[in-house]
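Participant: Got a structure here, written out as C-alpha cells. Questions coming.
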Amino acid sequence: MTDAEIVFRTRDLSKVYDTGKVKVFALAHVDLELFAGELAVLLGPSGSGKSTLLNILGGLDHATEGRVWFRDRELTSLNDRGLTRFRRDHVGFVFQFYNLVPSLTARENVQLVTDVARNPMRPEEALERVGLVQRMDHFPAEMSGGEQQRVAIARAVAKRPEVLLCDEPTGALDSATGIQVLDVLRQVNEELGTSTVVITHNAEIRKMAHRVLYFQDGKLARFETNDVRVAPAEISW
Amino acid sequence: MSALDIKLLRDFRRLWAQSLAIALVMAAGVAVLLMSFGMSKALDETRDTYYERNRFADIFVDARSVPKSLLATVRGIEGVAAAEARVTTHATLDIEGKAQATVAFVTSLPEGGNPLLNVPILRLGDWPDPNASDQVALNEPFAIANNLWPGDRFAINLNGTKRTLAVTGWLLSPEFVYTIGPGSLIPDDEDYGILWMPERALAAALDRTGAFDNLAVKLRPGFSAKPVMDELDTLLEPYGNWGAIDRSEQTSNAFIDGEITQLQTLAYILPPVFLGIAVFLVNMVMGRLVRLERTEIGLLKALGYGNMAICVHYLLLSGLIAGAGVMLGWAVGSWLSYGLAKLYANFFKFPYLIYNISWNTYLISGLLGLGAATAGALRAALSAARLSPATAMSPPAPPHFKRSLLDRLLAALRISQPSMMILRSLIRWPFRAAMSVLGMALAVSILVASNFFPDALDVIIDSAFHQSNRQHAVLFFNEALPESALQDSRRLPGVLQAEGQQYLTAVLRNEHREKRVVVEARRPGLDLSRVVDDSGKPVDAPPGGIMLARRLAAQLDVGVGDLVEAEFRGNRHGTFTLPVTGLVTQYFGLGAYLDQETADRMFQQSPQVSVVNVTIDAAQEEAFQAQLKELPMLAGSAMLVENREGFQETISQNILITTTIYTVLGVLITVGVAYNAARIQLSERARELASLRILGFTRGEVGYILVGEILLLALIAQPVGWWIGWGVARLMAESFTSDLYAIPLVMKPATFTQASLVVLAAAAASVLLVRRKLDQMNLVSVMKTRE
Ligand SMILES: Nc1ncnc2c1ncn2[C@@H]1O[C@H](COP(=O)(O)OP(=O)(O)O)[C@@H](O)[C@H]1O
Ligand SMILES: [Mg+2]
C-alpha cells in the first residue's frame, strides 16, 4: 500500500510535558505516514505516547515541536478555530470510555454530530450501521458498555469522516463485546473506505489491521504489514 | 431542536431544585425593584396628574382678614399666573348621634363659582349654591367616616354662633390628599374633616366680608417660588402673615413626598443585595456544573463545536435560570405593587390611581436579572470554552490539599477526622466559604434591619405618648387668649387638670439656613405636655433663650450657646436674636421652645394661651364633649387617647405585613445559599462520603460532615449579619427621617436573636433536605461513576 494516498504525515513530531521538575517526552521525533483507506493498529505499552499521537493527529492537542499534515494541509499551522473546523469536517473519534452525553438519548448523541457536520447521514442510518436502531431512544445509562461504544462509533461515522481515530475502543469491554465493536469498525473501514486508526495495548488485535505500528517510549519503534488479515470474529483474548 | 439545546433543557430540568432556589432569590430582587419603583412611580404620577388636572397651587399663605383689594397687587407680582383668596377657619362640629366634638377646617368656595386653584372633584351630590347661607360640601373620607350624605344636616360653631348646615355633596381636593388635624399625630377621618362653604356665607359668619385669610398662588412656568414668597411676605406683613410656604411645606404634599422617598430608598437598598447573592449562587452552581461536565465539554470540542458555542451553551443555562427568576419576579412584583399602590391610593385620598409600570421598568429589572445571571455564569462559561479538549477528557488531578501551619494546629488539637474534613474544605475553598457566609449574613441583616422598626416605634410611642404628651385632650383656640381662658377650661365638666401653652409661628435662621417652625411658649414645670431629655427627665426652656429639638438644631447648624435669628409671624410679630439654651431629642416634628415669661417680655404681652392640655375623668367624658361643642373660641380639639390607640393599631398592622415580607425574603436568601452550597458539597464529595460509608462510618457521622460544614458557615454568618444589619438599620433610620418625624436606632438583643433563629432554622432545613439525598445515595453506583 506504499503508493496509496497519504492522509496523515508527521515530521520530527515531539510532545513534551513539562511538569516542573521533569520534562516528559510523550512523543520524541516521530516520523510516520498513514494511508487513505487503511486500518492501522497502534500497539504499545501504556505510557508509550499512543494517545498523545492520536490527539495531535485529531487536532485535539498541540505539538511541542515538528510538523503534521492532513493531506496537503499543515495542522501544526492551524489556530484553534482552524483545528475546530478540521475536527468538525474530517475526523471521527471513538474513546475508551465512550464519552456519551448522559442527558441525551442514543439518537440525540448522534445528532450532536449531524447538527454541525457538512454532509452527514441521518442519525437513524448511522445507528442502523452499528445495529442499534431499536435502542435509539435509550439513554446511555440504560445501555450496556458495548452498546454505548457502538453508539459512539455511530456518532463518529455519522458525519462520513475521512478518518476515524479510536483510542482503546475495547479497553473497557469484555472480549466478546470488544470483538463486536471491532467488527463494526472493520465494517465501516471496508464499506465506507474510512481511514481508521485503532489504539490498543492488546497485541491480539493487531491481526485485524492492514498495518501495525509499534510504539515504545514516545517513538515509533517499527511497523509491519499484515499480508493476511484476520476477521475480528476469529480473534480472541 | 438541536441536540445541544435538548441537553440544555434536560440540564435545566435536572437542576430544577437548585435553579429554583436561585430563581427565587432573583425573583425577590426583581419583585422588590418592580414594586418599589412601580409604586413610587404610580404615587408620583398619580399625584402629578392630580395636581396638574386640578391646578394645585404652588404657594400658600395664611394671614388674617386681608382686604380683597390686595389681590390685584398679588396678581401683578412677576411670575404669578393666578391667585385665589379664601376665607378659612377651624371650627367644631356637633354631629347628631356623635358624642365627640369634631374638628373641621372650613374653607370658602369663591363667589363667582368654582375655584380656580386646588379645584376639588365632585364625588357625590352637588356643589353648594353660592348664594346659600346654610350649605356645605364635605371631603369624601370624612363624610364616609361620619355617614353624612347629601341632605343630611349637622351643627357648626362659627365665631361663637351655632348654626345648622346641610350637606350638598362630597369632594376630594389635591390640597387635602393627606389630612391631619391640629395636634394630632396621625390622620383620623372620623374626627377631622374639611368643609367647603360658599364665600359669601362663610365671610358673613366670620365678619370677613371683603377680606380673606388664605391665599393660594400658582406660578407661571419657569418662575421660582422664593422671590414671589418674599414679596408676598412683605405685602401681607400687616395682616398677621404666618409666612408663605411652597409645596414642600404644605402638609399634605410633604407627607406624600416622604412616602415616595421611602419607597425609592427601598428600591436602591434591597434589589442590589438580592441580585448580588444571585450572582454568587449562579457562579457557584455553574462552576460546579462545568467541573462535572469536563469530559462532555471535551467531547463537544472533539466533535467540532467551537469555543463560542460552548460558552453560549452554559450562558444560556444561566439565562434560563434568570428567565425563570425574572418572570416570577415580574408576576409577584406586578401583583404586589398593584395591590400596594391601591392600598396607598386609599390611605392617601386620591380620586384615582394612575398605575402603569412602564415597560421600561420591566425591561430594566429583566436586564438586571439577566445581567446578574450572566455575570455569575461568565467565569464558568469562559473556563468551559478555554478547556483544551485533550485534557478535558483525561480525569482531573485530585485537588491539592496543602499541609499548612493551620493543619498542624488542627492536628495538635486532636480534632476528629470528620471535623478535620470540614475544616480542610473551608481552607481549601476560602472564597466560596466566604461568599456563603456573606450570603447568609445578608439574610440575617435583612431581618435585623426590618425587625428593628417595631422596637424603634415602641420608643417613639413611649416617648411621644407616655413621656411627652400625657394629656387626654388638647383644645386649640383660633386666637391666643388671655390666661383666664385656662380658668374657663378648668371649669369644663370632668376636667381634672388643665395647662396652657402659647403657639407661635416663626422662621428661625442661622446665616443662609432657615426653617419655619412652631415655637411653643411654656411655663416651667408643665406636667401634661412635657419636653423630655435623653435621660427621660422633663426639662423646661431656660429663660432668655430658645430650646431646640436636636434635628432642628442640626438643620440650622447651631449648638448650645449659638445665636439664632427668630422672625415671628402670625398674631405675634417681630424679629429677635436668641441664644440656643438647650437641645432635646424628639421623634415627632421639629420642636422649638421658649419660656413663657421670656415670650411675654419679647412681645410685651400679658400671658397668653392658644392651646390648653387637659386630663379628664373618663366617667364624665360625655358631658365634657357636649360642652366642648358649645365653646365659641375653640378651633379644635384632639383626643390623644384615641390617637394612641389608632396609631398603635395602624402600626401593628403595617408591621405584621412588612415583617412577613422581610422574613420571606430572608428565608429565600438563606435557602438559596444553604441549599446550593450543600448540593455542591454533596456532588463534590459523593465519592469521599461513599468511601467513608464503605469504611464503616455511620450515616450520622457521614451526614455530619455535610451538615456540619454548612451549619458552621451559617453560625459564622450570624455576627457578620448582625453587624451589617446594624449598618443597614442605621442607613434606613437616617433615610426615613424627615422634618415630620425621626426614627431612632433602637437595637434590642431580641432583634438579633430572632433574625438568627430564622436564618439558622432555614439553613438547617435546607441542609437536611440535602442530607436525605445523602442517605439515599447508592454506594456502589457512586463508586463506579467516573468523575
Ligand atoms: N497532561 C499530561 N501531563 C503530563 N504528562 C502527561 C500528560 N498526558 C500524558 N502524559 C505523559 O505522556 C506520556 C504518554 O502518555 P500517553 O500518550 O497517554 O500514553 P499511552 O496512551 O500510550 O498510554 C506518559 O508518560 C504520560 O504520563
Ligand atoms: Mg492512552
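Participant: Within the bounds of segment B:541-563, is there any residue that is of a type outside the set (A, V, I, L, M), free of Cβ contacts under 8 Å to residues at least 12 places away in the same chain and surrounded by fewer than 22 Cβ atoms within 10 Å (Cβ to Cβ)?
Facilitator: The answer is no, given that none of the residues of segment B:541-563 is of a type outside the set (A, V, I, L, M), free of Cβ contacts under 8 Å to residues at least 12 places away in the same chain and surrounded by fewer than 22 Cβ atoms within 10 Å (Cβ to Cβ).
Participant: Conditions first: (1) modelled with pLDDT of 95 or more; (2) within 16 Å of ligand 1 (Cβ to nearest atom). A:PHE97 passes all but one, so which condition is the exception?
Facilitator: Result: A:PHE97 fails condition (1) only.
Participant: May I pose another question? Is segment B:456-476 home to any residue that is modelled with pLDDT under 90, assigned to a strand (DSSP E or B) and surrounded by fewer than 21 Cβ atoms within 10 Å (Cβ to Cβ)?
Facilitator: Checked segment B:456-476: at least one residue is modelled with pLDDT under 90, assigned to a strand (DSSP E or B) and surrounded by fewer than 21 Cβ atoms within 10 Å (Cβ to Cβ).
Participant: For segment A:53-70, state whether one or more residues are near ligand 1 (Cβ under 10 Å from one of its atoms) and in a loop (DSSP other than H, G, I, E, B).
Facilitator: Yes, segment A:53-70 contains a residue that is near ligand 1 (Cβ under 10 Å from one of its atoms) and in a loop (DSSP other than H, G, I, E, B).
Participant: Which residue is nearest to ligand 2 (Cβ to nearest atom), if the candidates are limited to segment A:207-235 and must be in a helix (DSSP H, G or I) and surrounded by fewer than 21 Cβ atoms within 10 Å (Cβ to Cβ)?
Facilitator: Taking the candidates together, the pick is A:LYS207.
Participant: Given the conditions (1) within 14 Å of chain A (Cβ to nearest Cβ); (2) part of a loop (DSSP other than H, G, I, E, B), which single one is not true for B:THR295?
Facilitator: Looking at each condition in turn, B:THR295 falls short on (2).
Participant: Taking the stated definitions as given, is A:GLU142 away from ligand 2 (no atom under 16 Å from the Cβ), farther than 19 Å from A:LEU104 by Cβ, at pLDDT 90 or above and surrounded by fewer than 16 Cβ atoms within 10 Å (Cβ to Cβ)?
Facilitator: Judged against the criteria, A:GLU142 is not a match.
Participant: Looking only at helices (runs of 4 or more DSSP H) that fall completely inside segment B:328-442, which ones have 1 or more residues that are at pLDDT below 85 and within 16 Å of ligand 2 (Cβ to nearest atom)?
Facilitator: Where helices (runs of 4 or more DSSP H) fall fully within segment B:328-442 and carry at least 1 residues being at pLDDT below 85 and within 16 Å of ligand 2 (Cβ to nearest atom), they are B:389-392.
Participant: Tally the residues that are among the β-branched types (Val, Ile, Thr) and either buried (at least 20 other Cβ atoms within 10 Å of the Cβ) or part of a helix (DSSP H, G or I) (or both), restricting the search to segment B:721-737.
Facilitator: 2
Participant: So, one more: Filter segment A:168-206 down to residues that are surrounded by fewer than 20 Cβ atoms within 10 Å (Cβ to Cβ) and either within 16 Å of ligand 2 (Cβ to nearest atom) or on the phi > 0 side of the Ramachandran plot (or both) and give me whichever is farthest from the other protein chains (Cβ to nearest Cβ).
Facilitator: A:ALA203
Participant: Filter segment A:18-52 down to residues that are away from ligand 1 (no atom under 13 Å from the Cβ) and not hydrophobic (A, V, I, L, M, F, W, C), then give me how many there are.
Facilitator: Looking only at that region, the number is 5.
Participant: List the residue pairs whose Cβ atoms are under 6 Å apart, where the first residue sits in segment A:28-47 and is touching a residue at least 60 places away in the same chain (Cβ under 8 Å), the second is within 16 Å of ligand 2 (Cβ to nearest atom) and small (Gly, Ala, Ser), and the two are 6 or more positions apart or on different chains.
Facilitator: Once the first residue is touching a residue at least 60 places away in the same chain (Cβ under 8 Å) and sits in segment A:28-47, its partners that are within 16 Å of ligand 2 (Cβ to nearest atom) and small (Gly, Ala, Ser) give A:ALA28/A:GLY218; A:LEU34/A:ALA40.
Participant: Also: Just one of the numbered conditions (1) under 33 Å from the mean Cα position of the chain (by Cα); (2) in contact (Cβ under 8 Å) with a residue 60 or more places away in the chain; (3) surrounded by 20 or more Cβ atoms within 10 Å (Cβ to Cβ) is not true of B:GLY536; which one?
Facilitator: Checking B:GLY536 against (1) under 33 Å from the mean Cα position of the chain (by Cα); (2) in contact (Cβ under 8 Å) with a residue 60 or more places away in the chain; (3) surrounded by 20 or more Cβ atoms within 10 Å (Cβ to Cβ), the one that fails is (3).
Participant: Going by the conditions given, is A:ASP137 out of contact with any His (no Cβ under 8 Å at 6 or more places or on another chain) and within 16 Å of ligand 1 (Cβ to nearest atom)?
Facilitator: No: the conditions fail for A:ASP137.
Participant: Here is a list: B:ALA375, B:ALA322, B:ALA341, B:ALA345. Which entry is surrounded by 18 or more Cβ atoms within 10 Å (Cβ to Cβ) and either within 14 Å of chain A (Cβ to nearest Cβ) or over 29 Å from B:PHE255 (Cα atoms) (or both)?
Facilitator: It is B:ALA322.
Participant: Can you go through A:VAL163, A:VAL197, A:VAL212, A:VAL181 and tell me which one is away from ligand 1 (no atom under 16 Å from the Cβ) and in contact (Cβ under 8 Å) with a residue 40 or more places away in the chain?
Facilitator: The conditions single out A:VAL163.
Participant: If you go through segment A:16-63, how many residues are surrounded by 15 or more Cβ atoms within 10 Å (Cβ to Cβ), more than 30 Å from A:VAL230 (Cβ to Cβ) and within 13 Å of another protein chain (Cβ to nearest Cβ)?
Facilitator: 6
The values are calculated or read from the model by the stated rules, or taken from the named source; none is laboratory data. Keep in mind the model is a prediction, meaning the values are calculated, not measured. In this analysis, Cβ positions are derived from the backbone assuming ideal geometry, glycine residues included, and neighbour counts consider all displayed protein chains.
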